[in-house]
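No lab work stands behind these numbers, since they all come straight from the coordinates. Because the structure is predicted, anything quoted here is derived from the model rather than measured. Positions of Cβ are backbone-derived with ideal geometry, glycine not excepted, and every protein chain shown enters the neighbour counts.
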């Protein structure tokens with residue numbers, strides 16, 4: 001009798017398109033709706049610090065920190081880093097990012113050579129990068145918590161809160177393959193369970209600092225702290241432009257019908273076009 | 001300018017040159033290029049590929065010290081970085097332009113290099129490609145002063 005009732009209940013659920021008993025057990029209650037922003041929500045954005053403009057990274061400081069602020073690697077991770085550094089020095093830089101997958105977190109904050117912009121909308125801070133692997137971060141500032149079991153993504157699940165003029169961001173759910181990179185040629189996959197805490201704030205009028213703490217127990221012996229610096233540009237000629245990483249692996253050409261098309265160009269293992277022979 | 005000051009300026013210029021030789025591209029290191037060596041090619045631009053993450057310029061010409069003309073490939077950083085760091089635009093350098101290019105050649109001897117400076121012969125106008133030459137805020141305002 002009991003089994004028969006369960007069978008009927010399950011059939012009914014499927015027939016009526018109800019959520020499965022499995023997900024019912026995981027997420028009881030009503031679905032969470034993101035409410036439409038109010039006029040006050042939009043007005044409140046004006047109280048936030050001004051992060052408008054284009055922000056380009058201080059690359060020389062990245063270079064310096066690669067030498068002076070090495071993450072506390074586990075012995076195994078350090079072995080890989082030392083190999084990569086030796087290869088780079090020998091003129092064979094490991095091609096960590098030439099596959100054009102996103103640089104991902106935390107590397108795009110750590111080693112990017114390209115600019116970004118930051119947008120504020122009610123309940124959200126959005127970071128948009130220029131060039132390279134489709135960089136985009138959504139930081140939820142609407143008070144939500146992380147999902148209990150987030151699907152890993154390149155940039156993870158980020159929640160933020162404002163502490164005065166500082167945006168404090170907590171990020172989890174990052175793909176284990178995402179690199180903790182100290183340069184474009186040296187980095188180690190985080191291997192899972194990574195958490196990143198950032199405190200992003202202005203220093204003076206036109207410098208944005210990202211104080212980053214990387215907690216990656218699989219490859220670091222303790223949390224690693226570093227700061228990355230960005231300069232503000234307001235000239236319109238420096239507005240962010242579309243930058244599709246894979247574009248460089250093609251050249252404009254014509255197909256057999258005379259249509260404009262992209263023709264793949266040959267690349268070497270380091271990501272450079274093959275020079276004329 | 002007294003001699004000592006001149007010496008300092010010359011050394012500083014060399015240092016800046018040496019530092020800029022460390023310039024990297026958008027998404028990979030550049031140690032495949034020999035940063036200790038600067039070659040110069042004089043010729044004509046055959047093609048410009050204004051693409052992310054790396055812009056490329058093909059130059060048909062003769063490398064200083066050689067008497068054999070050939071087609072060479074010059075790699076650079078991204079369009080956005082070239083605009084900020086070197087004042088480039090899409091049409092700054094076009095096919096058909098007569099140019100002189102200073103570059104760090106590939107270590108493996110192939111006909112490729114990392115462009116450091118390109119000068120348009122007809123106008124004398126030049127562009128550089130040092131990705132680190134954009135490390136202050138409001139670059140445009142400073143240029144206008």
Handout entry: Gaussian network model of chain A, Cα within-10 Å springs - most flexible of A:241, A:54, A:219
Key = A:241
Practice task
Identify which of A:161, A:237, A:222 has the largest mean-square fluctuation in a Gaussian network model of chain A, with springs joining Cα atoms closer than 10 Å.
Solution key: A:237
Practice task
Between residue A:38 and residue A:262, take the C-beta separation as r, use R0 = 35 Å, and let me know the FRET efficiency to the nearest 0.05.
Solution key: 0.20
Problem - Cβ-based exposure ranking for B:136, A:107, in which fewest neighbours within 10 Å come first - result: B:136, A:107
Handout entry: For region A:214-277 versus region B:69-140, the gap between their alpha-carbon centres in whole angstrom
Key = 17 Å
Problem - Shape category assigned to the protein assembly as shown from the gyration tensor of Cα positions, a/c cut at 1.5 - result: prolate
Handout entry: Ascending count of other beta-carbon atoms within 10 Å, so fewest first, for A:183, B:110
Key = B:110, A:183
Practice task
May I ask for the angle, rounded to the nearest 10°, between helix A:59-68 and the longest principal axis of chain A, with both axes built from Cα atoms and the value confined to 0 to 90°?
Solution key: 90 degrees
Practice task
Would you mind classifying region A:29-72 by shape? Square roots of the alpha carbon gyration tensor eigenvalues, ordered a ≥ b ≥ c; an a/c under 1.5 is rounded, otherwise it is prolate if a/b is larger than b/c and oblate if not.
Solution key: oblate
Practice task
Decide, for region A:156-195, between rounded, prolate and oblate: order the square roots of the alpha carbon gyration tensor eigenvalues as a ≥ b ≥ c, take rounded if a/c falls under 1.5, and otherwise choose prolate if a/b is larger than b/c, else oblate.
Solution key: oblate
Handout entry: For region A:153-188 and region B:24-65, distance of Cα centres in Å
Key = 34 Å
Handout entry: Contact order normalised by residue count of region A:54-238, Cα under 8 Å, 6+ apart, percent
Key = 25 percent
Completion exercise
Computed over chain A: longest principal axis from alpha-carbon atoms vs helix A:2-15 long axis, angle to nearest 10 degrees, is 60 degrees
Fill in the blank from the handout: Footprinting proxy, B:90, A:101, B:82: sorted fewest to most Cβ within 10 Å, the residues are B:90, A:101, B:82
Problem - Degrees separating the helix A:75-89 axis from the principal Cα axis of chain A, which is the longest one - result: 40 degrees
Fill in the blank from the handout: Ranked by GNM mean-square fluctuation in chain A (Cα springs under 10 Å), the top entry among A:65, A:266, A:177 is A:266
Fill in the blank from the handout: Output field shielding_mean for A:234-247 (other chain Cβ, 10 Å radius) holds 5
